[in-house]
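The values are calculated or read from the model by the stated rules, or taken from the named source; none is laboratory data. These figures come from a predicted structure and were not determined experimentally. Please note: Cβ atoms are built from the backbone with ideal geometry, for glycine as well, and neighbour counts cover all protein chains shown.
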């Protein structure tokens, strides 16, 4: 769904949409399973920067809700995960904040996004919000054994026959440390 400034100037737009899997590309970070629901409100806010300069910002307020599969951090098997969240975002035209001199920005200005060509795509906003809501680390189970570093076998499904092999000589100085600490 595209929010155009010309449409938003006439009246705010309420949306209540469902996006089917494959409509939004989340990359390798997450795979959408089932519809991604999104509802909210889009409006134009006019920022007066002087007597003749008015900047048209788009405020997008809403929420999303959907089911995804995220790869396990150890064995890369898909982990079913439910993601949902609220957002209240401000977007302004690209280049409107650019100037000839450098200046520091305030904390609220770090929360501003930018749109191009007088419109904003809801799909782009949802992609960003879903990816930002992903857990830092996802495990299929707390005691996941991960992949064998030598052959790549998933150690959860089958024992690996690879030998441990010689250890890295750089770690030999720490080899007896555990025994010395316990005594």
Q) If you scan the range 1-39, which residues turn out to be in contact with a helix residue (DSSP H, G or I) (Cβ under 9 Å, 6 or more places away or on another chain), surrounded by 14 or more Cβ atoms within 10 Å (Cβ to Cβ) and farther than 27 Å from residue 138 by Cβ? A) 1, 3, 13, 15
(Q) Filter the range 40-55 down to the residues that are at pLDDT 90 or above and loosely packed, with under 14 Cβ neighbours inside 10 Å and list them by number. (A) 41
Q.
What's the number of the only condition in (1) more than 21 Å from the chain's Cα centre (by Cα); (2) modelled with pLDDT under 85; (3) more than 30 Å from residue 35 (Cβ to Cβ) that residue 157 fails to meet?
A. (2)
Q) Which one is modelled with the highest pLDDT among residues in the range 28-38 that are within 21 Å of residue 87 (Cα to Cα) and not in a strand (DSSP E or B)? A) 30
Q: Tell me, yes or no, whether the range 36-55 has at least one residue that is under 28 Å from residue 144 (Cβ atoms) and either touching a residue at least 12 places away in the same chain (Cβ under 8 Å) or touching a strand residue (DSSP E or B) at 6+ places or on another chain (Cβ under 9 Å) (or both).
A: yes
Q: For residue 122, state whether it is modelled with pLDDT of 90 or more, under 23 Å from residue 30 (Cα atoms), surrounded by 14 or more Cβ atoms within 10 Å (Cβ to Cβ) and not assigned by TED's automatic domain parsing to the domain that holds residue 8.
A: no
Q.
Being surrounded by 12 or more Cβ atoms within 10 Å (Cβ to Cβ), within 30 Å of residue 28 (Cα to Cα) and under 16 Å from the mean Cα position of the chain (by Cα) is the requirement here; does residue 58 meet it?
A. no
(Q) When you check residue 41 against the structure, is it farther than 18 Å from residue 124 by Cα and assigned to a strand (DSSP E or B), yes or no? (A) no
**Q.** Sole exception among (1) within 15 Å of the chain's Cα centre (by Cα); (2) part of a strand (DSSP E or B); (3) more than 30 Å from residue 152 (Cα to Cα) for residue 24, by number
**A.** (2)
Q: Evaluate the range 64-82: report whether one residue or more is touching a strand residue (DSSP E or B) at 6+ places or on another chain (Cβ under 9 Å) and at pLDDT below 90.
A: no
